[in-house]
1. When you check Lys20 against the structure, is it within 15 Å of the ligand (Cβ to nearest atom) and buried (at least 20 other Cβ atoms within 10 Å of the Cβ), yes or no?
2. Quick one: which strands (runs of 3 or more DSSP E) lie wholly within the range 93-190 and hold at least 1 residues that are in contact (Cβ under 8 Å) with a residue 12 or more places away in the chain and among the charged types (D, E, K, R)?
3. Suppose we filter the range 11-37 for residues that are touching a residue at least 60 places away in the same chain (Cβ under 8 Å) and touching a helix residue (DSSP H, G or I) at 6+ places or on another chain (Cβ under 6 Å); how many remain?
4. Looking at the range 1-17, which of the residues that are more than 12 Å from the chain's Cα centre (by Cα) and either under 18 Å from Arg117 (Cα atoms) or basic (Lys, Arg) (or both) is farthest from the ligand (Cβ to nearest atom)?
5. If you check Val120 against the conditions, is it closer than 17 Å to Lys20 by Cβ, crowded, with 17+ Cβ neighbours inside 10 Å, among the hydrophobic types (A, V, I, L, M, F, W, C) and in contact with a helix residue (DSSP H, G or I) (Cβ under 7 Å, 6 or more places away or on another chain)?
6. Just name the residue that is nearest to Asp115 (Cα to Cα) out of those in the range 40-79 that are within 15 Å of the ligand (Cβ to nearest atom) and in a helix (DSSP H, G or I).
7. As an exercise: evaluate Ser154 against (1) more than 13 Å from the ligand (Cβ to nearest atom); (2) surrounded by 15 or more Cβ atoms within 10 Å (Cβ to Cβ); (3) at pLDDT below 95 and give the number of the one condition it does not meet.
8. Out of all the residues in the range 28-68, which are more than 19 Å from Pro170 (Cα to Cα) and polar (S, T, N, Q)?
Amino acid sequence: MARRRPQVVIGVCGSIAAFKVAVLHKHLRDHVDCTVAMTPSAQQFVGAQTFLALTGNPVITSLWEPSYAKPKHIDLADTLDLLLIAPATANILGKAAHGIADEAVSTLLMSVLPDERPVVFAPAMNTRMWKHPATRDNVKLLGKRGCHFVYPESGDLACGWQGEGRLAEPEVIAAHVLRLLKVDAKKTAR
Ligand SMILES: Cc1cc2nc3c(=O)[nH]c(=O)nc-3n(C[C@H](O)[C@H](O)[C@H](O)COP(=O)(O)O)c2cc1C
């Protein structure tokens, strides 16, 4: 009998790095099933249709979908094995740290307990946003609650800066996710 593949939900936020989720998915797709949820800002950067085509699963762009009999955030939270927020904005870190649930991704974050299923943040932002005391406090608080981080790298940023804040390489994020799920990429490759 075929083994159930791990279910990963990727919450995509409003960063130029949102397009890199397509590459991230390429590194995950042979090992896990992915569903994408997008904040309204994320949808300014990449169309939901792209993630629908790549993952083969409906993309969650809103909580308000009359075809969802059960609230979609609860449905996903009940079935996912890992929640990955990538790219994670300064805004979503703040909302997650303070329990704000006002759209699909932040509501999903509030519906998953980090001591029950791994919650992973891969932040991407301008260096000053990353170094801001509010962001530092939010990262510390989320880490204390058991959330995982794939920290951003230093390099050229889309905003013209050079410094810390660039989304970690998609293969690095994928390796972190697979490690947390205890997936042996060599054995599960299709
Ligand atoms: C062109 C552009 C690029 C942006 N890139 C980032 C980014 O990489 N990281 C970040 O934290 N915010 C970035 N922002 C700001 C966020 O999109 C903004 O704070 C938004 O409210 C985040 O919403 P979300 O967290 O719900 O996706 C960017 C904004 C613009 C206009």
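The values are calculated or read from the model by the stated rules, or taken from the named source; none is laboratory data. As the structure is a prediction and not an experimental result, all values here were calculated from the model. Because the Cβ atoms are built from the backbone with ideal geometry, glycine has one as well, and the counts that use them run over all protein chains shown.
1. Working: within 15 Å of the ligand (Cβ to nearest atom): yes; buried (at least 20 other Cβ atoms within 10 Å of the Cβ): yes.
In short, yes.
2. 153-156, 162-166
3. Count: 12.
4. Arg3
5. Spelling it out, Val120 is indeed closer than 17 Å to Lys20 by Cβ, crowded, with 17+ Cβ neighbours inside 10 Å, among the hydrophobic types (A, V, I, L, M, F, W, C) and in contact with a helix residue (DSSP H, G or I) (Cβ under 7 Å, 6 or more places away or on another chain).
6. His73
7. (2)
8. Residues satisfying the conditions are Thr39, Ser41, Gln43, Gln44, Gln49, Asn57, Thr61, Ser62, Ser67.
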